[in-house]
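One structure below.
Read-outs: derived from the displayed coordinates by stated rules, not from any lab. Keep in mind that this is a model prediction, so the values were computed, not measured. Every residue, glycine as well, gets a Cβ built from its backbone with ideal geometry; the counts of neighbours run over all protein chains shown.
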Amino acid sequence: MPSYIESNSPKDTGSLKLIFGWLYRYWGAHKLKLLLLLVMTLLHTALAISYPVFFKLVVDGLLSKLPLQQLNRNVLFLLLLGTGAAVVNWVLMSTRGWTNMNIEAELRNRIFANLTRLGPSTLSGHRTGDVVTRLTDDLAEKFSWFTCSGFFRALQGLALFSFILIVMFRINATLAQFALLPVPIVAWLFLYNEKTFEKRFLKLQNAISTVNDFLEACFSGIRVLKVYNRQDHQKQGFARAMDRRIKAEVRTIQSEALFNSSNILIDQLGVLVVLLAGGWLVVKGSLTLGSFVAFYTYSLMMIEPLWNMGNFFISGKRAAVSYSRVLELETALPEVGDPPEPKDISFERSLDFEQVSFSYGKNGKYQLQDVSFRVARGEKIALMGEVGCGKTTLVHMLLRLHDPASGAVKIDGVDIREFNLSELRSIIGYAPQEALLFSDSILNNVIFHRDNVDQDRAVEAGRISQLEKEVKGFAQGYGTMIGQRGTSLSGGQKQRASLARAIVERIALGHPKILILDDITSALDATTETLVWQELNEKLPGVTCFIISHRTSTIERADQILVLKDGKIVEQGSHRELLARDGYYVTLREKEKLEENGNGSAPILSAN
């Protein structure tokens, strides 16, 4: 089956060319915003350039003893220019800051939307702390600032520098040439240090990711750390990670400080040359004192735009490194996608696995090999086998969390890759092996942002899963807030909440199709599990159920049992048929009974 998604990953993700290409695309789509910022930038530049001209008129007017009225008018113009420049600069900085935040929000929303489309295999290649760093520090502190504030500060510097040069050459061309001496030296400094900046910025971002990942792993596993008394070990590990980050930060700051200090020193030497040469021209009478003061003011004004333009290339290198990291998330491709023309889904007859094979890597071991079986609608299928035999991977094929490397999964004879993803998953209720809950109320964890599920349906699902009697013991009932990953609930309570979430939509829609239960009753006692299955059999009749369990009493009452070993179905049949063969199923069953330590549960799954 061909993939419906083509790769669009960039080949060169670390160059300034890439980030300039992004700037072109972004500002091309926001022309009005770009025009507003350009107009304000040029207006502020014009006001700043005009100030020394009127200052020159005031100085020369004092020396030539102009009338007081004309002098007052020139001073008033100076005041108005200064005030106008300050107001325009405030509006310009506020607009740039607002735009920074909008760029950050737009990119973060787009990247987050893409992350939610990715499959488990793709996401497992990224550490949580690293993803958080890329969506926060890389995106906000480094990239979004550069794409607006950094870009327009440099543009403002370039405009100011260009206008200053024009005025300087009009005042005195010889002196203007002396003022330009620092420019080629500053450009050489950046080119000389370019690779150093890039390496240190990348090392710093990786160090920040390591610290955030360490924090996430520590807090997620806090109970294990305490049980094994490894708090001191974690403190030492965190101290080492922080030490590497601090060293990376210091080296980066040192590089930037050395460049900026050298830049400022060279600019100041240029100003000193202007001061000496200009003073000599004034003494000779080739330059008026007012012109010299204006020229000297302009030479001082050149320092900031030169610094802004130099800083533009440094921050550009930093932004290019950060954007290359962000781009990996933005362009990561999902493992599965929707077909160009999806077909209508209808599960009326059967579900078929036809020679399905799958591996978690191109050269990895096959997790499933030539798996074939048929399930009639309404049947209950039990999957049995040792850890790692492919049970969970098999049901993931049905959910299209992965697509087969070969073979096909079909519903009523139609390959499930021909269905719309959301429609396929809408007919399947899934309670995973890890009962993952979110930091929200119990009710919201059951409803899970579904518009077709209300509180009454959620309460009904809780009653079926035996969650209701647990909820009654909480002061806030279904409104009780639970911690991240449901840490405030017991294992059994989490499993019941997860089961309620899986079946609530089936109850609301009134036409259950498929239910996948991946070892979700392992933390329940025998009596509670029996009640759960009695309610399921009564309230969801006719549902096709895939059951992964290690409890023999659950397995043996299924309509069909698939016994897996090393990714292959080695035995298939009903409990009685497999017992009669006295093969691998019997061996596994005896092993599971021993592991239950004699605490077997009563038969809980009725056959239709």
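Per-structure values
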| item | result |
| --- | --- |
| Between helix 303-330 and the chain: long-axis angle, C-alpha atoms, 0 to 90°, nearest 10 | 10 degrees |
| Ranked by how many other beta carbons lie within 10 Å on average, peptides 371-380, 40-49 from highest | 40-49, 371-380 |
| Angle in degrees between helix 68-117 and the longest Cα principal axis of the chain, rounded to the nearest 10 | 20 degrees |
| Relative packing of peptides 350-357, 335-342 - highest average C-beta neighbours within 10 Å first | 350-357, 335-342 |
| Derived scalar couplings ³J(HN,Hα) [the stretch 388-404; Karplus, 6.51 cos²θ - 1.76 cosθ + 1.60; whole Hz; x for Gly, Pro] | x, 7, x, 4, 5, 4, 4, 6, 5, 4, 5, 7, 6, 6, 9, 10, x |
| Rounded to 10°, Cα long-axis angle of helix 455-464 versus longest principal axis of the chain | 40 degrees |
| Charge dipole (debye, nearest 20) of the stretch 350-595; +1 at Cβ of Lys and Arg, -1 at Cβ of Asp and Glu | 200 debye |
| Protection proxy ranking of 576-589, 296-309, 319-332, 232-245 - average other beta-carbon atoms within 10 Å, highest first | 319-332, 296-309, 576-589, 232-245 |
| Label corresponding to Kirkwood radius over Cα pairs in Å when calculated from the structure given, among (i) 30.0; (ii) 26.4; (iii) 33.4 | (i) |
| The chain - charge dipole about Cα centre, Lys and Arg +1 at Cβ, Asp and Glu -1, debye rounded to 20 | 2300 debye |
| Summed residue charge, Cβ within 13 Å of VAL532's Cβ, Lys/Arg positive, Asp/Glu negative | -1 |
| Charge dipole of the stretch 357-457 about the Cα centre (unit charges at C-beta), most positive-ward option of GLY388, VAL375, SER422 | GLY388 |
| The stretch 137-205: C-alpha gyration tensor shape, a/c 1.5 cut-off, then a/b vs b/c | oblate |
| Amide H partners (placed H, <5 Å) of GLY337, local residues excluded | TYR4 |
| Beta bridges per DSSP with both ends in the chain, % antiparallel, nearest 5 | 55 percent |
| Hz values of 3J(HN,Hα) by residue in the stretch 37-52 - Karplus curve (6.51, -1.76, 1.60), Gly and Pro given as x | 5, 5, 4, 5, 5, 5, 5, 5, 5, 4, 5, 5, 5, 6, 4, x |
| Gap separating the Cα centres of the stretch 404-432 and the stretch 526-558, nearest whole Å | 23 Å |
| Amide H contacts of SER574 (H built 1.01 Å from N, under 5 Å, at least 5 apart or other chain) | ILE561 |
| Tensor-based shape of the stretch 350-595 (alpha-carbon gyration tensor, a/c under 1.5 rounded, otherwise prolate or oblate) | prolate |
| GLY429 long-range amide H proximity, modeled H, under 5 Å | ILE514, LEU515, ILE516 |
| Neighbourhood charge, 12 Å Cβ-Cβ cut-off, centred on TRP98 and excluding it, Lys, Arg +1 and Asp, Glu -1 | +1 |
| Helix-only [θ]222 nm of the chain, DSSP H runs n ≥ 4, -39500 (n - 2.57) each, per residue, nearest 500 | -20000 deg cm²/dmol |
| Karplus-derived HN-Hα couplings along the stretch 245-262 (A = 6.51, B = -1.76, C = 1.60, θ = phi - 60°), whole Hz, x at Gly and Pro | 5, 4, 4, 5, 4, 5, 4, 5, 4, 4, 5, 5, 5, 5, 5, 5, 5, 4 |
| Lysines whose Cα lies under 30 Å from that of LYS380, excluding same-chain neighbours fewer than 8 positions away | LYS343, LYS365, LYS391, LYS410, LYS469, LYS494, LYS513, LYS539, LYS565, LYS568, LYS591, LYS593 |
